[in-house]
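The structure appears below as structure tokens.
The values are calculated or read from the model by the stated rules, or taken from the named source; none is laboratory data. Here the structure is a predicted model, which is why all the values come from computation and not from measurement. Note that each Cβ is placed from the backbone with ideal geometry, even for glycine, and that neighbours are counted across all protein chains shown. Calculation scope for accessible area: heavy atoms of the full protein, side chains included, ligands and nucleic acids excluded. Shrake-Rupley method; radii C 1.70, N 1.55, O 1.52, S 1.80 Å.
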Amino acid sequence: MKIMQFKKIITLIIFFSSLNTLAFANFESEENFVSDFAASAISILSDEGLNNNDKNIQFTDLVMSSIDMNLISKFVLSRYWKTASDQQKISYLNAFEEYFISSYANKLDQYSGEKIVIVSSEAAKKFVIVKSNIVRDGADTLKIELNWRLLTRDGQTKIIDLSIEGISLIVAQREEFQSFLSNNNEDLDVLINKLKTINARD
């Protein structure tokens with residue numbers, strides 16, 4: 001009986017020790033990743049010395065190297081991904097990539113001259129959430145809350161989601177796509193053509 005109780009005590013100690021380790025985990029590398037990405041993005045988009053084509057090229061390269069586009073693409077399409085044909089998947093991925101990068105650029109393009117301030121970071125299951133603010137001091141004080149969801153696999157850290165003032169970009173995008181498909185007979189080709197049309201306008 002005493003041995004059983006001792007084992008239970010040891011198990012509890014190990015369990016709470018693991019929680020304590022997690023609570024005080026060091027996410028400095030993830031915080032630096034976010035800081036570098038955000039600063040680079042704003043720098044590119046606010047650079048008046050670059051024409052729009054050069055901005056698009058540089059920003060696309062930055063996003064594609066920093067974001068898990070494959071995971072995001074499948075998440076926002078949800079159950080429709082499983083029933084899509086191989087050709088539809090290829091067409092969708094190509095159209096969504098251009099659409100998403102443009103959307104990301106539009107979200108960040110409104111900021112120039114601001115500072116990215118990392119507030120805190122925490123574990124969320126297999127993800128790390130890095131909380132930050134875009135801050136501009138002065139007469140027109142600005143403070144925008146940006147939370148970044150990161151996933152590290154095989155030694156590579158990627159952005160999975162960005163929440164602006166509590167609104168998740170990929171959750172909002174998923175809801176928009178689901179609503180569009182529901183109103184269009186769940187026809188994925190219609191969504192793909194819609195994305196292509198939007199991309200052609202940008």
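Annotations for the structure displayed:
- Coil-residue GluC sites (Glu not before Pro) of region 119-165, DSSP, other Cβ within 10 Å capped at 12: 165
- All other residues whose Cβ lies under 10 angstrom from that of residue 72 are scored, Lys and Arg at +1 and Asp and Glu at -1, for a net of 0.
- For residue 197, the accessible area of its heavy atoms, probed at 1.4 Å with every protein chain present, is near 70 square angstrom.
- What the Cβ-Cβ distance of residue 185 and residue 79 gives, at R0 = 25 Å and to the nearest 0.05, is a FRET efficiency of 0.95.
- Three-way shape call for region 120-196 based on the alpha-carbon gyration tensor, with the a/c threshold at 1.5: oblate
- Per residue, the solvent-accessible area of region 43-202 (1.4 Å probe, heavy atoms of protein chains only, all protein chains present) comes to 56 Å².
- Projected label distance in nm at residue 178 and residue 119, using a 7 Å step from Cα toward the beta-carbon: 2.7
- Rolling a 1.4 angstrom probe over region 60-202 with all protein chains present gives an accessible area of which 46% lies on carbon and sulfur atoms.
- Gap separating the Cα centres of region 149-202 and region 30-56, nearest whole Å: 21
- Placing unit charges on the Cβ atoms of the charged side chains and taking the dipole of region 145-202 about its Cα centre, the candidate lying farthest along the positive direction among 156, 178, 197 is 156.
- Magnitude of the charge dipole, region 26-173, Cβ model with Lys/Arg +1 and Asp/Glu -1, debye to 20: 740
- Simple spin-label estimate for residue 142 and residue 54 in nanometres, 7 Å along Cα-Cβ: 2.3
- In this label model, residue 47 and residue 197 are separated by 3.5 nm, measuring between points 7 Å along each Cα→Cβ vector.
- Measuring only protein heavy atoms, the 1.4 Å probe finds residue 36 accessible over about 100 Å².
- Range of Cα positions in region 36-171 per principal axis (Å), largest first: 54, 39, 27
- In Hz, Karplus ³J(HN,Hα) per residue of region 179-193 (6.51, -1.76, 1.60; θ = phi - 60°; x = Gly, Pro): 5, 4, 5, 4, 8, 10, 6, 6, 8, 5, 4, 5, 5, 4, 5
- Backbone amide hydrogens, once placed in the peptide plane, bring residue 27 within less than 5 Å of nothing, excluding anything fewer than 5 places away on its chain.
- Whole-Hz Karplus values for region 77-93 come out as 7, 6, 5, 5, 5, 5, 9, 6, 6, 4, 5, 5, 4, 5, 5, 5, 4 Hz, taken residue by residue from phi with 6.51 cos²θ - 1.76 cosθ + 1.60 and θ = phi - 60°; glycine and proline positions read x.
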